[in-house]
Amino acid sequence: MIFKYRKELIIICTSVFVCILLFACIRFLYFKNVKVDAPFDNVMKYYNEEENVPKYKVATVKKVNTTTTSIITTLSNIEEEETVEEVVDETTKIPYEVAPTFEDDGSIIYDGMTLTELTNKLNRSLNGYLTNTGYFFAKNTKDTGMDPYLSVSIVLLETGCKWTCSSLTTKCNNIGGLKGGSSCNGGSYSKYDTLDEGIAGYLGIIYNNYYLKGMDTAEKMASTYAASPVWASKVNNYINEVKNA
């Protein structure tokens, strides 16, 4: 009996044999000392990692607050943005655990509210390290006429105090990323002895450099104050929350 595809089978077998022989020659001549898993080993060495070690480490017990902080210099008033990673000490003492006392003559100062009423309203949006500081924002409004919802909202965005205050706030009473003057922990950021001084310093800059120049809304301030295209919308979201608190 004659095999019908004998010729074709011989050709296929010969081709396979030649390919195997060629591969063996190349392997012997050029890759004699290379292990099969060498590329993988080289990658692990490059990243200084061991095999089967998790890429992401277990989080520590301290909270890390990463915020985008707008930096205002008192000399040039040039704004820049930088991402600041700050470890917050949750044991920090709140400066105004007891609300400051003040006199109220009963006059309307903003949005149909007296100094006391506005203070109480603002306090409902001020948490953590900024607890009970509503009076300082309300008093600033009484003295300058500046929108208290806007000023509180900008501060909430700058400090992160809607949830957890930045260490720049809790360690140095710097609520706006201000630079110059007394140094905060040896860095370029300013340090204030008390929180009310920090609030007054920051609101003074907002009032003199923005509010008096007609930039009395987040939209008007945005192009000069912040590089972020969503800064104004974030401030306005806070404003709505403060108004409805």
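The values are calculated or read from the model by the stated rules, or taken from the named source; none is laboratory data. Owing to the predicted nature of the structure, the values given are computational and were not obtained by experimental measurement. No Cβ is skipped: glycine too gets one built from the backbone with ideal geometry, and neighbour counts run over all protein chains shown. What goes into the accessible areas is simple: the full protein's heavy atoms, side chains included, and nothing from ligands, DNA or RNA. Shrake-Rupley method; radii C 1.70, N 1.55, O 1.52, S 1.80 Å.
Measuring nothing but alpha carbons in region 95-209 and taking Rh as the Kirkwood radius, the Rg to Rh ratio lands at 0.97.
So, with a 1.4 angstrom probe, what is the percent of accessible area on region 141-237 that is carbon and sulfur?
About 50 percent, which is the carbon plus sulfur part of the accessible surface.
Here the label points at residue 237 and residue 213, each 7 Å from Cα along the C-beta direction, are separated by 2.7 nm in the simple model. For region 143-245, the solvent-accessible area works out to 41 Å² per residue, with a probe of 1.4 Å and every protein chain left in place. Taken along its three principal axes, the alpha carbon spread of region 149-245 comes to 34, 30, 23 Å, from the longest extent down to the shortest.
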